[in-house]
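Written below as structure tokens is the structure these notes are about.
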Amino acid sequence: MRIFPLIATIALLFPALALAHNLKIGERVPAVGVKDEGELVLKQDKFSYHPWNSAQLAGKVRVVLPIAGRSSAKEMNAAMIEAIKSANFPRDRYQTTTIVNTDDAIPGTGMFVTSSIKSNKQQYPWSQFVIDDNGNVQKAWLLKPASSAVVVLDKQGVVRWVKDGALTDKEVQQAITLLHELLK
């Protein structure tokens, strides 16, 4: 009767394995594009959308924040966002890319999520905001639903640090220290 505990253990592991992201340190992120909505562009006080794809991530050191379109997901890594603001990284060599999965928003809140993203774009026009209406990034990168991830990329677009879920204070500091090193 020892087989039952083994089967139970395997059954418990499979959901955890299914939720593991596929972002690997030392590699580029898996290729993905967002055509519906896409990158939010602000030009002369007018908003427009352009198709976005992960190949555009090279060129600057950056933090990519794939996030579900929920306030609870935004709050998960608010400490990281505040640390980035405080660090005042050089805009010519650093960029934050926030990818909001509006497919993973609470029903009926999409309009409010989009309004909040537009407000953030006005406040931080140098940052990149992508509206992912179909959850393409979450699916391609195997990210947890209703969550937030932090991905640090070097100038070549290679993953240098990643966590899917809420960061601890120590992890925020590790990521910020790494960003300072990459920008030297």
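Give me the percent relative contact order of the chain, please, defined on Cα pairs under 8 angstrom at least 6 residues apart. Mind dumping the intermediate values first?
Working: 335 pairs, mean separation 57.7, N = 184.
Computed value for the chain: 31 percent relative contact order.
Given a Förster distance of 45 angstrom, what is the FRET efficiency for Asp45 paired with Lys184, based on the Cβ-Cβ distance and rounded to 0.05?
On the way: r = 36 Å, r/R0 = 0.81.
Here the calculated transfer efficiency is 0.80.
Over the heavy atoms of Val130, what accessible area does a 1.4 Å probe trace out, to the nearest 10 Å²?
Surface accessible to solvent at Val130 totals approximately 0 Å².
Which whole-Hz couplings ³J(HN,Hα) result when phi for each residue of the stretch 96-106 is put into the Karplus expression 6.51 cos²θ - 1.76 cosθ + 1.60, θ = phi - 60°, listed in order with x for Gly and Pro?
9, 10, 9, 10, 9, 7, 6, 6, 10, 10, 5
To the nearest 10 square angstrom, what accessible area does Arg28 show with a 1.4 Å probe?
So the heavy atoms of Arg28 present about 130 Å² to solvent.
Taking θ = phi - 60°, what integer Hz values does the Karplus form 6.51 cos²θ - 1.76 cosθ + 1.60 yield along the stretch 176-181, in sequence order, with x for Gly and Pro?
Going residue by residue, I get 5, 4, 4, 4, 4, 5 Hz, with x marking Gly and Pro.
Can you work out the FRET efficiency for the pair Gln173 and Asn120, with r the C-beta to C-beta distance and R0 = 22 Å, to the nearest 0.05? Each step should come with its number before you reach the end.
On the way: r = 24 Å, r/R0 = 1.09.
Efficiency, rounded to the nearest 0.05: 0.40.
In percent, how large is the relative contact order of the stretch 48-137, given Cα pairs closer than 8 Å and 6 or more residues apart? Mind dumping the intermediate values first?
Numbers: 101 pairs, mean separation 31.2, N = 90.
Once normalised by length, the contact order is 35 percent.
Give the calculated FRET efficiency between Ala79 and Glu27 to the nearest 0.05, with a Förster radius of 30 Å applied to their Cβ-Cβ distance.
On the way: r = 27 Å, r/R0 = 0.89.
Efficiency for this residue pair is about 0.65.
Once amide H atoms are placed 1.01 Å from N in the peptide plane, what residues at a sequence separation of 5 or more from Ser147, or on another chain, have their amide H within under 5 Å of its amide H?
Counting only residues 5 or more places away or on other chains, the set is Ala68.
Once amide H atoms are placed 1.01 Å from N in the peptide plane, what residues at a sequence separation of 5 or more from Ile99, or on another chain, have their amide H within under 5 Å of its amide H?
When sequence neighbours closer than 5 places are left aside, the close amide H contacts are Leu65, Ile67, Val130.
Residue by residue, what Karplus-based ³J(HN,Hα) values in Hz, rounded to whole numbers, does the stretch 133-139 have, using 6.51, -1.76 and 1.60 with θ = phi - 60° and x for Gly and Pro?
Running phi through 6.51 cos²θ - 1.76 cosθ + 1.60 with θ = phi - 60° gives 5, 10, x, 4, 5, 4, 5 Hz.
Would you please give the residues with an amide H less than 5 Å from that of Ile106, counting only those at least 5 places away or on a separate chain, with H modeled from the backbone geometry?
HN-HN under 5 Å from Ile106: empty list.
Accessible area per residue, 1.4 Å probe, Å², for the stretch 104-171: what's the number? Each step should come with its number before you reach the end.
Values: 3160 Å² over 68 residues.
On a per-residue basis, 47 Å².
Quick one: give the max-minus-min coordinate of the C-alpha atoms of the stretch 70-184 along each principal axis, largest first, in Å.
44, 29, 26
Grab the DSSP H runs of the chain that are 4 residues or longer, score each as -39,500 (n - 2.57), total them, divide by all residues and round the 222 nm result to the nearest 500 deg cm²/dmol.
Working: 6 runs with 66 residues, N = 184.
Dividing the helical sum by the residues of the chain leaves -11000 deg cm²/dmol.
The values are calculated or read from the model by the stated rules, or taken from the named source; none is laboratory data. Note that the structure is predicted; figures quoted are calculated from it, not measured. A quick note on method: Cβ atoms are made from the backbone with ideal geometry, for glycine too, and the neighbour counts reach across all protein chains shown. Note: areas computed on protein heavy atoms with side chains; ligands, DNA, RNA excluded. Shrake-Rupley method; radii C 1.70, N 1.55, O 1.52, S 1.80 Å.
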